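See structure below.
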Amino acid sequence: MGIWKFSEKIPVEKLIEVAQKWADEDEKYLQLYVRKVSKDQYGIGFTYDAKGQGDLKKFHDEYHYRVSDVLRRQFGNDLAGWDIASGFHVIK
């Protein structure tokens with residue numbers, strides 16, 4: 001579960017396109033949404049199903065590396081950051 005954050009230069013429509021592409025290509029995404037993360041920035045939030053992936057720390061690291069690499073290639077320094085948790089508890 002986490003959110004990828006982008007500079008204010010990236011239009012929200014572009015982020016919606018990226019999130020829709022991920023939704024279409026990877027059924028393991030349980031949630032994908034675009035929301036404001038600061039005054040002028042937006043981010044792509046997600047919940048990813050890691051069941052059956054074995055070592056969750058290893059899976060988390062591989063997911064982060066793979067996706068951050070793709071986003072850095074696509075957006076360069078306009079990928080402003082991320083907030084990703086490898087452990088969380090869903091209450092409702």
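The values are calculated or read from the model by the stated rules, or taken from the named source; none is laboratory data. Quantities reported herein were computed from a predicted structural model and do not represent experimental measurements. Virtual Cβ from ideal backbone geometry, glycine too; neighbours counted across all protein chains shown.
Checking each residue in region 33-59 for being more than 17 Å from PHE88 (Cα to Cα) and in contact with a strand residue (DSSP E or B) (Cβ under 9 Å, 6 or more places away or on another chain) picks out TYR33, VAL34, ARG35, LYS36, VAL37, SER38, GLN41, TYR42, GLY43, ILE44. The set of residues from region 46-84 being among the hydrophobic types (A, V, I, L, M, F, W, C) and modelled with pLDDT of 90 or more comprises PHE46, VAL67, VAL70, LEU71, PHE75, LEU79, ALA80, TRP82. Pairs meeting the criteria (first residue in region 64-92 and farther than 21 Å from GLU8 by Cβ, second residue among the β-branched types (Val, Ile, Thr) and modelled with pLDDT under 95, beta carbons under 7 Å, at least 6 apart or on different chains) are HIS64/ILE84.
Kindly establish whether ALA19 is surrounded by 16 or more Cβ atoms within 10 Å (Cβ to Cβ), more than 18 Å from ALA85 (Cα to Cα) and not aromatic (Phe, Trp, Tyr). Against the criterion (surrounded by 16 or more Cβ atoms within 10 Å (Cβ to Cβ), more than 18 Å from ALA85 (Cα to Cα) and not aromatic (Phe, Trp, Tyr)), ALA19 qualifies. Kindly indicate whether any position in region 85-92 is modelled with pLDDT under 95 and surrounded by 12 or more Cβ atoms within 10 Å (Cβ to Cβ). Within region 85-92, one or more residues are modelled with pLDDT under 95 and surrounded by 12 or more Cβ atoms within 10 Å (Cβ to Cβ). Taken together, the residues in region 34-65 that are of a type in the set (Ser, Thr, Tyr) and surrounded by fewer than 12 Cβ atoms within 10 Å (Cβ to Cβ) amount to 2.
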